[in-house]
Amino acid sequence: MEIKIERLSVQEIEERGIPGWAVWEKAPSKFPWHYDMVEQALIIQGKVIVEAYGKKYELGVGDFVTFPSGMDCEWEVVEHVRKHYNFS
């Protein structure tokens, strides 16, 4: 399992309905997290470092990220983050 990071075009973002997804935001902080379901998210503000599977993933504005179900990780919000997100 790995975190998947993509860059979507404006058209792909619209076609997937991402602007209508819920928004989550968080001030700079560090915390552990577990994913019970697959989460897809589009970072719309800020910077985050997610550590999982012995790797560090840097996420920023424009990154479309898929987090796998069953993953344990640690989030470090470096800059206030806002993201559209959807669980499946």
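For residue 44 and residue 30 in one chain, what is 0.36 nm times their gap in residues minus the Cα-Cα distance, to one decimal in nm? Please list the in-between numbers first.
Values: separation 14, 0.36 × 14 = 5.04 nm, distance 1.91 nm.
So the extension gain works out to 3.1 nm.
Find the centroid of the Cα atoms in region 35-88 and in region 1-28, then give the distance between the two in whole Å. Distance between centres, Cα-based: 10 Å. Pairs of Lys residues in the chain, spaced 8 or more positions apart or belonging to different chains, with C-alpha separations under 13 angstrom: 7 in total. Remark on the chain: hydrodynamic radius 13.1 angstrom, per the Kirkwood mean of 1/r across alpha carbon pairs. Charging the Cβ of each Asp and Glu at -1 and of each Lys and Arg at +1, and nothing else, the dipole of region 34-88 about its Cα centre rounds to 180 debye.
Across the options 52, 34, 68, the greatest Cα extent toward the positive end of the charge dipole of region 21-68 (unit charges at beta carbon of Lys, Arg, Asp, Glu) belongs to 52. Think of it as helices only: each DSSP H run of n ≥ 4 in the chain is worth -39500 (n - 2.57), and spread over all residues that comes to -1500 deg cm²/dmol at 222 nm.
Toward the positive end of the charge dipole of the chain, about the Cα centre and with charges on Cβ (Lys, Arg +1; Asp, Glu -1), which of 24, 5, 85 goes farthest? Checking the options against the dipole of the chain, the answer is 24. In this structure the chain gives 58 Å² per residue of accessible area when probed at 1.4 Å with all protein chains present.
The values are calculated or read from the model by the stated rules, or taken from the named source; none is laboratory data. Note that the coordinates shown come from a computational prediction; the quantities given were computed from them, not determined experimentally. Glycine also receives a Cβ, built like all others from the backbone with ideal geometry; neighbour counts cover every protein chain displayed. Just the protein is used for accessible areas: all its heavy atoms, side chains included, with ligands, DNA and RNA removed. Shrake-Rupley method; radii C 1.70, N 1.55, O 1.52, S 1.80 Å.
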